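Scroll down for the structure; my scribbles are underneath it.
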Amino acid sequence: MKKKNKKKKNYNENQTSFYFEDYLETNQKNKKKTSSTISQDRIYLLFFLFFSLILIFSIKITFVSLKNPEILNNKSNYSKLISLRRDIVDRNNSIISRNINSYHAAINPSLIKDKKNFLLKIRINFPEISNEFLRLKLKEGKYFYLKRRLDQKDKERLWALGEKGIIFEPFQSRIYTNANLYSHILGQVDYDNFGVSGVEKYFDTELKEKKLMNYPLQLTLDTNIQHIVDKELNNALHIFNATGGAALLMDVNNGEVLSLVSLPNYNINIRESITDKNYINKITKGIYELGSIFKTFTIALAIEKNLVSSDTIINNIPRKVKCSIHEISDIKEFPKHLSVEDILIRSSNIGTLMLAQKIGEEDYKEFLNQTKLLAPPNIQLEELGNPLSFKWDKCKLETISYGHGITVTPLQATATYAALVNGGKIISPTLIKKEKLEKKQIISPDTSKEINKILRKVVTEQEGTASLADIYGYDVGGKTGTSQKYGNRNENINTFISIFPSQSPKYALLVMLENPQVAKNLIYNYRGMKIKGTRNEAGWNSVYTAGKIIEKIGPILAIKNDEFYKDYVAKKSN
């Protein structure tokens, strides 16, 4: 028994190597299991990375598809969002000029797969584009412009074609919200956003100042009033078959221009070269003989020099006066004896001439120098006219006294009128509000009051020439002027400068019509009577037009001026 046990023991001892081998085999199996686990981890890692990439691309695709498709064609155009030019606004902060993001449509022929189909699409949607031109450009294979300065409608139509070869190039375009309305004031900019005319050119540096980009340039103009003046002036051109016209509304106390209209005008959103002189700014650049309007200057100067008073009687006024080789006369027969105010009310050439002779050449010269009537006008525009120079030869004083032989711009005439009625202080017209105003006294306040009374009588008196401007509630005064157009004696310039309210003037309104004709079918309300038009003088066309304008703009101005409004309400209630 013992031997058996011993053998068994020996057997176990001898099996040591077996168990060792078994351990090695087991260890080998464990190694294989560990290697398998590592392989699975790698698969999981690769799957995670692959899934992440898919997720990233999916998000990117979704993001791009939701964004504005223009970004596909314009990858780095962040600068287009930064305005290159300041806004321009009117006195009520209404935008009248602004930069917007706009586009040119260009073509990359290499991206057009089906050129025949593309040509067909363009022909259907844009028949104005030459198909032959397009065919040649596509054949050349070079990048070219299909359409410049797209409007939103055209841009959407082109995008809807779904052609990759259509490239939308961004740029900043200057738009004018009122198109024609301010064409002679705002001017234009070129493709590089540099001002080339009007306010855009005069204030070019200020409008591009980066520090001020969030602060618009504010003008003194009133868009509501500008619309009314423009509409009534256009109506006048139609009624009187005039070739052109102009109107200017100015505050007589600070020189602020509330409205400036010159017709014909043009759409400044359309970049076109205009060479026709009829399209010039007639208020600031046109120079004219304004006729009898100058009689007001002569009368004011005679009163200021204490040579006469408004009720002084000028006796023995002749029917005609021989001056050098010229013969001067009135257009109709007047009484032989007239007061100074009657000379202006009736508009007598001879009576005015006699007063000018009392004044003398030197004092009249000094008056013209003080008012700067013979110098270029002063306003924030570069389109300015230069009055023609002349020699003070024989008869020049006499003819100038009633507005013949001297040319000025309507702007200068209105500014001088403002000085005669505002207490005698000459001021510069302005399109920008000014804190400091330079005022130079050219006549006394007393003389100014006398002139205001006479100008009111020109409208109210039976013999006055401007009764059609007697609009109830506004106390309009003024003076008419009918003259031949400088350089073309076959055409007339009919002008009326009005002031209101005449007892304490706040506004001066000039209305000028070029070559108006008799309105035979127009029925006038003349001093309570209904009559047909038969005459072609300023009192029958320019005055009529000014009356229509004042009637429309009066309530707007009254609301903004408490004293004027109270006076208006008080008169209407009586």
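The values are calculated or read from the model by the stated rules, or taken from the named source; none is laboratory data. It should be emphasised that the depicted structure is a prediction, and the values quoted were computed from it without experimental measurement. Cβ sites come from the backbone with ideal geometry, for glycine too, and all protein chains shown count toward neighbours.
Within segment 508-554, can you find the residues that are closer than 14 Å to residue 472 by Cα and either of a type in the set (Lys, Arg) or not in a helix (DSSP H, G or I) (or both)?
Result: 525, 526, 527, 528, 548, 552.
Give me the residue from segment 133-154 that is under 31 Å from the mean Cα position of the chain (by Cα) and among the acidic types (Asp, Glu) and, out of that set, modelled with the highest pLDDT. Before you say what the answer is, go through the steps one by one.
Taking segment 133-154 and keeping what is under 31 Å from the mean Cα position of the chain (by Cα), we get 145-154.
Within this subset, residues satisfying the condition of being among the acidic types (Asp, Glu) are 151, 154.
Numbers: 151: 81, 154: 90.
Result: 154.
Looking at segment 65-88, is at least one residue at pLDDT 90 or above, part of a loop (DSSP other than H, G, I, E, B) and in contact with a Gly (Cβ under 7 Å, 6 or more places away or on another chain)?
Within segment 65-88 (the criterion being at pLDDT 90 or above, part of a loop (DSSP other than H, G, I, E, B) and in contact with a Gly (Cβ under 7 Å, 6 or more places away or on another chain)), the answer is no, since none of the residues qualifies.
Return the residues of segment 221-252 that are more than 20 Å from residue 409 (Cα to Cα) and β-branched (Val, Ile, Thr); say none if nothing qualifies.
223, 225, 228, 239
Could you say whether any residue in segment 423-438 is over 28 Å from the mean Cα position of the chain (by Cα), small (Gly, Ala, Ser), surrounded by fewer than 22 Cβ atoms within 10 Å (Cβ to Cβ) and within 27 Å of residue 306 (Cβ to Cβ)?
The answer is yes, given that some residue of segment 423-438 is over 28 Å from the mean Cα position of the chain (by Cα), small (Gly, Ala, Ser), surrounded by fewer than 22 Cβ atoms within 10 Å (Cβ to Cβ) and within 27 Å of residue 306 (Cβ to Cβ).
Could you look through segment 463-507, keep only residues that are assigned to a helix (DSSP H, G or I) and of a type in the set (A, V, I, L, M, F, W, C), and pick out the one that is surrounded by the most Cβ atoms within 10 Å (Cβ to Cβ)?
Initially, segment 463-507 is screened for residues assigned to a helix (DSSP H, G or I), giving 467-469.
Keeping just the survivors that are of a type in the set (A, V, I, L, M, F, W, C) gives 468-469.
Details: 468: 23, 469: 31.
Residue satisfying both the conditions and the ranking: 469.
Sort through 181, 221, 158 and tell me the only one that's in a helix (DSSP H, G or I) and crowded, with 20+ Cβ neighbours inside 10 Å. Walk me through it before giving the result.
On the way: 181 fails: in a helix (DSSP H, G or I); 221 fails: in a helix (DSSP H, G or I).
The unique qualifying residue is 158.
So residue 129 fits all but one of (1) out of contact with any Asp or Glu (no Cβ under 7 Å at 6 or more places or on another chain); (2) in contact (Cβ under 8 Å) with a residue 24 or more places away in the chain; (3) outside any helix (DSSP H, G or I); what number is the exception?
Residue 129 satisfies every listed condition except (2).
Across segment 463-495, what is the number of residues that are in contact (Cβ under 8 Å) with a residue 60 or more places away in the chain and at negative phi?
Residues meeting the conditions: 23.
Can you tell me which residue is farthest from residue 456 (Cα to Cα) among those in segment 296-348 that are buried (at least 21 other Cβ atoms within 10 Å of the Cβ), hydroxyl-bearing (Ser, Thr, Tyr) and in contact with a helix residue (DSSP H, G or I) (Cβ under 6 Å, 6 or more places away or on another chain)?
298
How many of the residues making up segment 442-462 are outside any helix (DSSP H, G or I) and surrounded by fewer than 13 Cβ atoms within 10 Å (Cβ to Cβ)?
Applying the first criterion (outside any helix (DSSP H, G or I)) to segment 442-462 yields 442-444, 461-462.
Imposing the further condition that a residue be surrounded by fewer than 13 Cβ atoms within 10 Å (Cβ to Cβ) reduces the set to 462.
Residues that pass the stated criteria total 1.
Which condition number does residue 486 fail, the rest of (1) of a type outside the set (A, V, I, L, M); (2) under 21 Å from residue 248 (Cα atoms); (3) modelled with pLDDT of 95 or more being met?
(3)
Any residue at all in segment 198-206 that is touching a Lys or Arg at 6+ places or on another chain (Cβ under 6 Å), touching a residue at least 40 places away in the same chain (Cβ under 8 Å) and under 26 Å from residue 507 (Cα atoms)?
Taking segment 198-206 and keeping what is touching a Lys or Arg at 6+ places or on another chain (Cβ under 6 Å), we get none.
Within segment 198-206, none of the residues are touching a Lys or Arg at 6+ places or on another chain (Cβ under 6 Å), touching a residue at least 40 places away in the same chain (Cβ under 8 Å) and under 26 Å from residue 507 (Cα atoms).
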